[in-house]
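Undergrad: Take a look at this one; I'll ask things after.
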Amino acid sequence: LSGDSTFTALFETDPDWQPVTFPKIYINEVVASNHTLVDNYGENPDWIELYNPTDSVVDLAGWYISDETEYTTKHKFVNSDSTKIPAHGFLLLYADNETDQGATHVSFKLDSGGDNIFLTASDALTLIDSVSFGFQVSDTSFGRYTDGGPDWFFMSYTTPGASNVHIDVPTI
């Protein structure tokens, strides 16, 4: 188009259309080298804690979680009571790549040398939250303090499924 040209596009819209909004859920605490917490199969999987700061239950059915930047829809949450996060509550996910063990077991493992986690809404486009972390010492979590807050710390006192307690661990 030249500098004098204009471009006009007309789109038919649905007058009842409303933008889709999703509740804010936080990736709240992560352990990528777990030797303490035992799951219901007697194993010590890596784990991810999600936090719901809202006044309502949030159902993650149809949402996604991933450890890959280019594939943020790697694991899709199934419809299950165990993937509903209570108001002001927590959901513990096991990053063990053993989805046959239940709806809270996701289809990837975390790298204790550093990794990324992406939480994506059911539209497969809206990034709800993400975190990148570096090397993790065994049984030391990387978490937000306060829950859902902007600040992340390495913590030697892990709190899977509960409010984080800030006990800062020196970085290596």
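The values are calculated or read from the model by the stated rules, or taken from the named source; none is laboratory data. The structure presented is a predicted model; accordingly, all values stated were derived computationally and were not measured. For neighbour counting, all protein chains shown are included, and Cβ atoms are generated from backbone atoms with ideal geometry for every residue, glycine included. These accessible areas exclude ligands, DNA and RNA; they are computed on the full protein's heavy atoms, side chains included. Shrake-Rupley method; radii C 1.70, N 1.55, O 1.52, S 1.80 Å.
Undergrad: What net charge is computed for the residues neighbouring GLY148, neighbours being all others with C-beta under 12 Å from the C-beta of GLY148, Lys and Arg scored +1, Asp and Glu -1? Don't skip to the answer; put the middle values down first.
TA: Working: positive: LYS24, ARG144; negative: GLU29, GLU49, ASP129, ASP147, ASP151.
Neighbourhood net charge equals -3.
Undergrad: State whether the stretch 45-92 is rounded, prolate or oblate according to the following rule on the C-alpha gyration tensor (a ≥ b ≥ c being the square roots of its eigenvalues): a/c under 1.5 gives rounded; otherwise a/b larger than b/c gives prolate, and the remaining case gives oblate. Don't skip to the end; give the middle numbers.
TA: Details: a/c = 1.95, a/b = 1.64, b/c = 1.19.
It comes out prolate by the Cα gyration axes.
Undergrad: Have a look at the stretch 108-153 and give its Rg and Dmax from the Cα atoms, expressed in angstrom.
TA: 12.2, 35
Undergrad: For THR83, what is the net charge nearby, where nearby means another residue's Cβ is under 14 Å from its Cβ and Lys, Arg count +1, Asp, Glu -1? Please report the intermediate quantities before stating the final value.
TA: Values: positive: LYS76, LYS84; negative: GLU49, ASP59, ASP81.
Residues close to THR83 contribute a combined charge of -1.
Undergrad: Something else now. What are the extents of the Cα atoms of the stretch 71-172 along their three principal axes, listed from largest to smallest and rounded to whole Å?
TA: For the stretch 71-172, the Cα extents along the three principal axes come out at 39, 30, 27 Å.
Undergrad: Further, regarding this structure: Report, to the nearest whole %, how much of the accessible area of the chain belongs to carbon and sulfur atoms, 1.4 Å probe, protein only.
TA: Values: 4770 of 9450 Å².
Its accessible area is 50 percent carbon and sulfur atoms.
Undergrad: Then there is this: How large is the accessible surface of TYR157 in square angstrom, using a 1.4 angstrom probe and rounding to the nearest 10?
TA: We get 120 Å² for TYR157.
Undergrad: Alpha carbon centre of the stretch 68-87 versus the stretch 14-45: separation in Å?
TA: Answer, in whole Å: 6.
Undergrad: Note down the net charge around TRP63, summing +1 for each Lys or Arg and -1 for each Asp or Glu among other residues with Cβ under 13 Å from its Cβ.
TA: Working: positive: LYS24, LYS74, LYS76, LYS84; negative: ASP59, ASP123, ASP129.
After counting each charged neighbour, the total is +1.
Undergrad: Per residue, what accessible area does the chain have, given a 1.4 Å probe and all protein chains present, in Å²? Can you show the working numbers first?
TA: Details: 9450 Å² over 172 residues.
Accessible area per residue, the chain: 55 Å².
Undergrad: Please report the projected area of the stretch 1-153's Cα convex hull averaged over all directions, in nm².
TA: On the way: hull surface 53.7 nm².
Projected over every direction and averaged, the Cα hull of the stretch 1-153 covers 13.4 nm².
Undergrad: How would LEU125, LEU50 line up by accessible area, probe 1.4 Å, largest first? Write down the numbers at each step before the final one.
TA: Details: LEU125 150, LEU50 0 Å².
Ranked from most to least accessible, the order is LEU125, LEU50.
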